[in-house]
1. Out of everything in region 797-825 that is aliphatic (A, V, I, L, M) and loosely packed, with under 13 Cβ neighbours inside 10 Å, what residue ends up being nearest to the chain's Cα centre (by Cα)?
2. So, in region 97-136, exactly how many residues are in a strand (DSSP E or B), hydrophobic (A, V, I, L, M, F, W, C) and under 30 Å from Thr84 (Cβ atoms)?
3. Checking Glu437 against (1) over 18 Å from Lys581 (Cα atoms); (2) in contact (Cβ under 8 Å) with a residue 12 or more places away in the chain; (3) not hydroxyl-bearing (Ser, Thr, Tyr): exactly one of these is not met. Which one?
4. Count, please, the residues in region 782-804 that happen to be at pLDDT 75 or above and aliphatic (A, V, I, L, M).
5. Mind checking whether some residue in region 659-673 is farther than 19 Å from Ser356 by Cα, over 60 Å from the mean Cα position of the chain (by Cα) and modelled with pLDDT of 70 or more?
6. In region 570-627, how many residues are more than 15 Å from Val431 (Cα to Cα), within 46 Å of the chain's Cα centre (by Cα) and basic (Lys, Arg)?
7. For Asp226, which of the numbered conditions (1) part of a loop (DSSP other than H, G, I, E, B); (2) closer than 27 Å to Gln813 by Cα; (3) among the acidic types (Asp, Glu) fails to hold?
8. Taking the stated definitions as given, is Gln677 at pLDDT 75 or above and farther than 30 Å from Ser356 by Cβ?
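The values are calculated or read from the model by the stated rules, or taken from the named source; none is laboratory data. What you see is a predicted model; the values in this text were computed from it and never measured. Cβ placement follows ideal geometry from the backbone for every residue including glycine, while neighbour counts extend to all protein chains displayed.
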Amino acid sequence: MRLHRLSMTAFGPFADETAIDFDDLSGDGLFLLHGPTGAGKTSVLDAVAFALFGRVPGARHDARRLHSDHAAPESVPEVMLEATIAGRRLRITRSPDHHRPKKRGAGTTKVNARATLVYLDGSGPDLTRLVDIGEAVTRLLGMSADQFFQVVLLPQGEFARFLRANSDEREELLERLFDTERFGDLEDWLRDRARESASALGERTSVLDRIAGQIVALGGVAAPADPDMDWAQGCLESARAEAVRLHDDVTSAQAALDRAQAAHEEGGRLVELRRRGDEARSRLDRLAAGAENVARAADSLAAARRAAPVIVVADELDRATAACSAAARGASAARTALGELPEGAALCDADPDELSTAIERWTAESGRWEPLARRAEQRPELVAAVERMEAEIGVAEKAIDELRVGLDAAPGRREDAVRALDAAVEARAQVLRLQAERDRVAAIGVALADRVTVTTALAETDTRLLSARESHASAREHHLDVRERRLAGMAAELAGQLEDGMPCGVCGSRAHPEPAAGGAEAVGKDDEEAAARAEHRAAADRTREENARATLVERRAHLDVTIGTMTDDQFDAERTQLAAKLEAAQRSAERVPELSDTITAIDAETEKLRGRLTENRSLLAARRERVEGLREDVATLDAEIAEATGGRIGVAERRAELGDLCRRATTLRTAREEEAQSRSRRADIRGQLEERSVAADFVDSAGRADVDAVRMAAASRAQIADWEALIQRAAAARAGADETLADPAVAAACAAEAVDLPALAAGLTDARATRDDVAGRHAVVAARVGGLEDYVAQFWAAADGLAPARARHEELQGLAELVAGRGQNSRRMALRSYVLAARLEEVLVAASARLHQMSAGRYEFVHSDAAGIRGRRGGLGIEVRDEYTGAVRATTTLSGGETFFASLALALGLADVVSAEAGGRILDTIFIDEGFGTLDPDALDLVMRVLDDLRAGGRVVGVVSHVDELRARIPAQLEVLRGEAGSRVHLHGPVGVS
């Protein structure tokens with residue numbers, strides 16, 4: 001990630017729009033952000049964080065006061081950041097939740113947060129939804145907001161606290177930076193498995209009780225208090241004894257049934273023997289009636305067997321004769337085909353040797369043509385290559401023309417862009433003038449509104465002042481009247497004060513002969529004082545209203561000076577006109593970076609077009625040279641072919657002609673050989689036919705084979721099979737009948753008395769019913785025994801499985817406690833903490849390299865996985881090894897400066913590891929906030945060397961500090977200045993201040 005530009009408006013201490021160009025600031029790779037305490041140095045980092053994630057680090061986010069107190073209530077707080085993240089340049093604009101005054105009435109209205117993300121390089125769509133923008137930033141950075149706050153904005157004091165924290169506090173930070181959720185899921189999974197194991201153990205106990213109940217129900221026995229294997233086996237043995245007794249009863253009934261069955265079977269056997277004898281005599285009678293048909297079948301079968309070997313040869317002779325005819329036709333066709341060719345006509349009647357000689361001659365001639373034929377086959381490719389090269393030449397010429405057109409147009413485009421850039425730069429200056437004018441007009445607008453309010457208040461004050469003057473005059477007249485009346489009745493008042501025997505306050509006499517008497521309207525001192533107080537109150541009211549009127553008159557005079565001669569209509573028109581001008585100027589000014597990039601792009605494109613023009617010209621020359629060479633190759637090949645063939649026929653045509661001659665001559669030679677072989681075979685088969693006909697006595701009167709007689713005597717396999725079957729059936733039937741009648745048992749049965757088979761069957765039925773009844777009762781008991789055997793076996797299995805289940809539960813329970821950091825875990829380290837410890841080791845390895853350099857080779861980090869005190873979890877301890885003493889020390893023993901560069905090394909190491917875990921993305925920009933004031937000059941040199949290494953690696957490092965010595969060491973500086981109207985920034989560099 002690399003920052004380019006940051007703009008803040010009404011954000012934190014920055015009331016007006018404040019812009020920071022990081023490209024100018026970070027040219028050296030190292031810059032200083034400094035200013036007095038409270039000026040807003042950290043607020044610059046907050047603005048970067050807010051632009052990216054919509055929140056700021058730490059407790060400042062919880063306060064939710066991002067709107068600047070220095071800005072007008074109606075102003076909109078906004079932050080704009082341009083940055084390159086993961087190679088994609090984008091601009092993010094955000095405005096937080098804030099309140100603005102209501103347009104009507106008193107109070108405020110909440111304005112919801114809004115944001116936009118624009119890909120300046122066109123690599124993605126513009127986004128406006130807060131969720132989409134947050135996901136896009138997190139995906140591009142490869143880290144969350146918490147990770148970014150720790151590894152990019154190295155915060156004030158947090159890594160010193162992290163360095164000295166205990167394992168629990170350190171674990172809280174590491175969990176925010178590294179994803180250990182899956183290991184927590186594993187802890188939960190083991191805990192759930194342990195719970196399931198406990199439930200399964202309870203289920204096994206329940207199953208054992210349920211099986212015992214089933215044994216009680218099936219065996220008809222009482223349930224014991226604590227069923228065990230002896231009890232279950234006793235129930236089974238009792239049922240087995242009853243089954244043995246019933247089995248003996250079944251055996252007796254089965255013996256009676258066997259005897260009845262034997263008697264019934266013997267009666268049935270005698271009846272069957274008598275039936276067989278009667279059937280044998282009937283069969284002999286039927287055989288005598290069909291004897292003539294059997295004799296004819298025997299004669300036909302004998303003749304067919306003699307003709308069988310002869311008919312095979314006769315059929316083979318027919319096939320050989322057909323083959324001779326086919327071979328003759330093939331030879332004739334091959335002769336005709338060869339005669340169709342001029343060079344083959346003379347060989348139509350040649351013998352096979354002559355044909356072989358001609359074939360060899362033609363084959364040799366075809367081989368001599370092969371090299372030239374291969375070259376001739378390349379001619380189409382050469383011609384096609386010439387055509388392709390000519391087409392490519394045309395394309396190259398067209399491309400050169402287009403490049404010339406582009407180069408001719410480039411100067412004009414650049415001049416237009418330069419003019420537009422000059423106008424945009426002028427617009428940037430105009431923006432400042434228009435903003436000042438806008439502020440002046442806005443002040444007039446406020447004054448116009450205030451004048452209306454003041455005028456209304458002045459009218460109301462005049463009314464009150466008139467009333468106050470009238471009230472004061474009335475009170476004064478009343479006071480004077482009361483005083484006059486009191487003076488008039490003063491004698492009566494003094495007489496009222498006289499007491500008998502007391503001296504008069506006027507004359508001193510103790511005698512009061514005629515004291516004056518007061519009238520009905522006489523008033524006293526209290527009345528006069530009350531009237532005086534009323535006059536004073538009325539005078540105070542009059543003075544207050546007069547002062548209020550004077551204040552309003554003075555305020556209206558100031559407002560008149562501010563407003564001048566402008567009316568409300570003129571104000572509205574001028575404000576609208578200024579807003580339009582300012583908006584147009586701002587739009588034009590915003591195009592400065594774009595137009596600068598456009599000019600750079602035009603220059604780059606022009607150079608690219610020139611390079612491509614040179615390249616295309618070289619390519620065109622090479623292609624022209626190549627096409628001339630190809631044309632010469634085609635002409636040379638054509639000349640060779642013409643010289644070889646004399647122009648009469650092509651190479652391919654002559655080779656095809658020779659191949660056709662070879663094929664047809666070979667076909668004729670093969671056909672004549674096959675014809676001779678078929679004639680010889682036919683003669684051999686004819687001799688075999690004569691021999692077999694004589695041997696089978698199938699010859700005519702001349703002693704030659706009588707094929708017609710053979711075919712008449714021959715029979716099909718089915719007919720022969722029928723004759724054989726008929727003869728065999730007759731012989732078998734006669735033999736069977738004779739054998740049956742010769743059997744002594746059959747003869748005895750035929751001579752014996754008839755058997756009462758139904759009576760024997762009734763006795764058998766009674767014996768079977770008795771046996772079935774006893775067997776049924778035995779089956780019931782046997783089924784009970786079988787059920788008990790199953791339940792007892794289940795009881796055994798359940799009892800045997802209970803102990804392993806209990807052992808497995810104890811194992812799972814112990815493992816769950818182990819990964820949770822309890823039980824036998826001596827380190828008190830949970831699995832999640834163990835993984836974090838591995839991450840911490842990686843961090844310490846990366847941090848040790850920088851700590852070793854910053855401490856001049858004295859210190860390096862050491863990871864401690866020891867358990868905490870009082871049973872606390874361990875595994876996340878950090879210590880340092882002092883190479884001067886060889887001792888491993890606690891981090892709390894480090895001095896202030898040592899603590900700072902140890903914290904800085906730890907922060908940088910953590911940034912490296914988190915960056916690597918985020919997919920290896922390079923964090924081009926990091927900020928280091930405070931802590932340099934604790935370093936002596938030598939230590940500061942070592943730390944600056946590390947920062948230089950970071951800068952040399954391509955990073956931009958921003959140091960946030962108010963240490964004076966850093967101003968001399970770091971030329972590029974961004975100074976934050978504090979003022980009553982808000983903070984502002986100044987960029988100091990080697991060339992001055994901006």
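1. Ala807
2. Qualifying residue count for the region: 4.
3. Going through (1) over 18 Å from Lys581 (Cα atoms); (2) in contact (Cβ under 8 Å) with a residue 12 or more places away in the chain; (3) not hydroxyl-bearing (Ser, Thr, Tyr) one by one, Glu437 breaks only (1).
4. 7
5. Within region 659-673 (the criterion being farther than 19 Å from Ser356 by Cα, over 60 Å from the mean Cα position of the chain (by Cα) and modelled with pLDDT of 70 or more), the answer is no, since none of the residues qualifies.
6. 3
7. The failed condition is (2).
8. no
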